[in-house]
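The values are calculated or read from the model by the stated rules, or taken from the named source; none is laboratory data. None of the values given here were measured: they were computed from a predicted structure. Ideal geometry is used to build each Cβ from the backbone, glycine not excepted, and the neighbour counts take in all protein chains shown.
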Amino acid sequence: MEHQEIVIIVDFGGQYAQLIARRVRECGVYCEILPYVKSADEILAKNPKAIILSGGPSSVNAPDAPKIDNKIFEAGIPVLGICYGMQLICNELGGKVARPAKREYGHAMFYLDGENSLFDGLSKESAVWMSHGDSVVEMPKGFSLAGHTDLTPTAAVANEERKMYAVQFHPEVVHTEEGTALLKNFLFKIARCDGGWSMENYVDIAVQNIREQVDSDNVICALSGGVDSSVAAVLVHKAIGDQLTCVFVDHGFLRLGEAEQVVDTFTNKFNMKLVHVDASKHFMDLLSGVTEPEKKRKTIGAEFINAFQREANKLSNVKFLVQGTLYPDVVESGTATAATIKSHHNVGGLPKDMKFKLIEPLRELFKDEVRQLGRELGLPEEVINRQPFPGPGLAIRIIGDITPERLDILRKADFIVRDVIKQSGLYNDIWQSFAVLPAAIRSVGVQGDERTYDYTVGIRAVTSSDGMTADYFRFPWEVLDEMSRRICNEVKGVNRVVYDITSKPPSTIEWE
Ligand code: XMP
């Protein structure tokens with residue numbers, strides 16, 4: 001997509017670059033991340049208004065330290081180095097970096113020394129977040145000291161003439177009090193960006209692009225009810241209306257009320273062409289007697305694709321497939337290890353080799369931008385804030401054989417878990433929360449005067465930033481108590497409720 005202005009963030013590994021990119025975009029400036037191995041020519045070909053060098057885990061003095069093509073320093077483009085980026089600038093331009101006796105991690109007070117445009121209007125003293133092993137001990141020629149902390153004498157430097165700035169702390173993290181103000185100074189006062197990147201503007205640009213790409217052909221989209229596919233579908237529909245057909249393959253393992261909500265939202269609210277394939281009975285037959293989780297996943301995944309393909313074959317002139325791919329999935333990282341793609345997690349997705357060209361209207365967006373875009377497009381909050389949900393759905397949350405009775409129990413228990421969490425106001429603090437049914441466990445209980453021999457329901461709730469690692473959520477006891485009481489009272493067949501207090505690792509988020 002053509003953008004009016006762009007800032008490039010050069011990624012030196014770790015997880016810093018994406019956070020910087022999100023902050024820059026929050027300031028209303030479009031930016032992209034490129035790995036440090038790109039040549040200066042490739043970076044400059046993007047015609048960036050400014051370049052930000054990210055932090056990273058290495059030491060500039062290490063023999064294999066990541067470096068950048070120094071031609072970018074000669075291009076007259078404003079540069080901001082952050083943490084490793086600062087050390088690199090100073091080292092490359094003739095300064096010195098060393099490992100101090102005492103390293104500085106976490107909160108620190110930053111004291112401004114001298115004046116320069118990066119700190120224009122900022123406080124003389126403010127809290128910053130430090131996280132580094134090395135520090136600059138000698139500034140390069142032409143640079144002057146901009147500030148220090150108690151343990152780091154050279155915590156910020158500037159060369160106003162060359163529009164080059166560097167800070168040892170992390171302005172992108174929330175613990176740096178005036179981090180956003182600093183980034184704004186860099187983007188608007190120094191690099192003279194115009195701003196104007198917003199989801200409101202993005203809608204117009206994207207709609208225009210989709211129209212040009214599709215022309216008079218037809219488009220198909222697999223809708224799951226998840227945030228990404230929903231936002232992508234509504235955006236494409238806004239661009240091309242009835243040239244888009246959405247196919248919702250309902251395998252019958254969705255949560256309570258979810259299938260109805262998908263149909264209602266897209267047909268009634270958005271007037272979209274939606275084919276609702278109610279294949280629940282068929283899927284249930286296929287899974288009868290299947291207990292092994294991988295087999296469940298494979299069976300569901302394969303049949304999902306068949307069902308989708310059958311519907312696609314019924315439509316004429318379909319050339320394009322909409323996919324809700326997001327920016328974090330396409331960004332080339334500064335290190336090999338940061339780009340970890342979970343192959344087993346695309347169950348419920350479509351294979352790459354389908355005979356369609358792809359439309360990926362969210363390819364440039366971060367998840368929080370997708371949510372904003374969804375709001376802009378009028379999607380209901382329930383869809384926008386929907387927690388991640390595995391493609392095979394409740395089928396993998398029943399441990400053991402899936403039966404209609406067990407599905408019904410799990411669905412009701414799961415609804416209560418979510419309902420109590422929503423009512424307690426905790427929903428947005430939690431990455432994922434749900435119920436699981438370890439169907440092999442039956443145990444004795446007593447309800448009324450009767451002995452029971454019933455199922456146990458497990459509650460799982462975790463916080464996470466990307467699903468790769470997770471911590472179990474610390475509920476107030478009253479909330480757990482409410483869930484437990486309601487599940488035993490309202491869901492026939494359950495006489496025991498347990499809460500999972502393991503993090504990931506060693507567990508996974510799902511039980512399966
Ligand atoms: P685990 O259980 O491996 O899950 O810790 C990590 C995250 O991935 C989600 N998940 C899936 N998402 N299709 C998906 O789209 C899948 O097949 C799938 N399986 C797991 C899981 O819910 C969690 O958010």
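Looking only at segment 168-212, filter to residues that are of a type in the set (S, T, N, Q) and buried (at least 18 other Cβ atoms within 10 Å of the Cβ); which one of those is nearest to S126 (Cα to Cα)?
T176
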Next on the checklist: Give me the residue from segment 22-67 that is touching a residue at least 40 places away in the same chain (Cβ under 8 Å) and among the hydroxyl-bearing types (S, T, Y) and, out of that set, surrounded by the fewest Cβ atoms within 10 Å (Cβ to Cβ).
Outcome noted: S59
Checklist entry - If you go through segment 400-420 one residue at a time, do you hit one that is within 16 Å of the ligand (Cβ to nearest atom) and over 18 Å from I501 (Cα atoms)? => result yes
Checklist outcome for this item: From the option list R496, R411, R485, single residue qualifying as modelled with pLDDT of 95 or more, surrounded by 13 or more Cβ atoms within 10 Å (Cβ to Cβ) and under 19 Å from G252 (Cβ atoms) is R411
Item to check | Of residues in segment 349-397 being more than 22 Å from R25 (Cα to Cα) and β-branched (V, I, T), the one nearest to the ligand (Cβ to nearest atom) | outcome: I396
Checklist entry - Which pairs do you get when a residue that is farther than 15 Å from F473 by Cβ and touching a residue at least 40 places away in the same chain (Cβ under 8 Å), found in segment 497-512, comes within reach of a residue that is more than 11 Å from the ligand (Cβ to nearest atom) and of a type outside the set (V, I, T), reach meaning Cβ atoms under 6 angstrom, with the pair 6+ apart or on two chains? => result V497/S484
Checklist entry - For segment 367-397, which residues satisfy the criterion of being farther than 15 Å from S433 by Cβ and basic (K, R)? => result K367, R371, R375
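Where in segment 1-109 are there strands (runs of 3 or more DSSP E), lying fully within it, with 3 or more residues that are within 19 Å of P328 (Cβ to Cβ)?
7-11, 31-35
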Item to check | Residues being surrounded by 14 or more Cβ atoms within 10 Å (Cβ to Cβ) and basic (K, R) - total across segment 68-100 | outcome: 1
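Can we say R460 is within 28 Å of the chain's Cα centre (by Cα) and surrounded by fewer than 16 Cβ atoms within 10 Å (Cβ to Cβ)? Please lay out each step first, then the result.
On the way: within 28 Å of the chain's Cα centre (by Cα): yes; surrounded by fewer than 16 Cβ atoms within 10 Å (Cβ to Cβ): no.
In short, no.
Between Q243, Q261, which is more than 16 Å from the ligand (Cβ to nearest atom) and within 20 Å of Q432 (Cα to Cα)? Explain how you work it out, then say what you get.
Values: Q243 fails: within 20 Å of Q432 (Cα to Cα).
Q261 is the lone residue from the list that is more than 16 Å from the ligand (Cβ to nearest atom) and within 20 Å of Q432 (Cα to Cα).
Residues E104, E42: which one is among the charged types (D, E, K, R) and modelled with pLDDT under 95?
On the way: E42 fails: modelled with pLDDT under 95.
Only one candidate passes the filter, namely E104.
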Item to check | Failed item, numbered, when R297 is tested on (1) surrounded by 17 or more Cβ atoms within 10 Å (Cβ to Cβ); (2) within 26 Å of the chain's Cα centre (by Cα); (3) within 27 Å of R371 (Cα to Cα); (4) not hydroxyl-bearing (S, T, Y) | outcome: (3)
Checklist outcome for this item: Within segment 188-216, the residues that are within 12 Å of F119 (Cα to Cα) and either in contact with a Lys or Arg (Cβ under 6 Å, 6 or more places away or on another chain) or of a type outside the set (K, R) (or both) are I190
Item to check | Whichever residue in segment 444-486 is in a helix (DSSP H, G or I) and of a type in the set (K, R) and, among such residues, is nearest to the ligand (Cβ to nearest atom) | outcome: R486
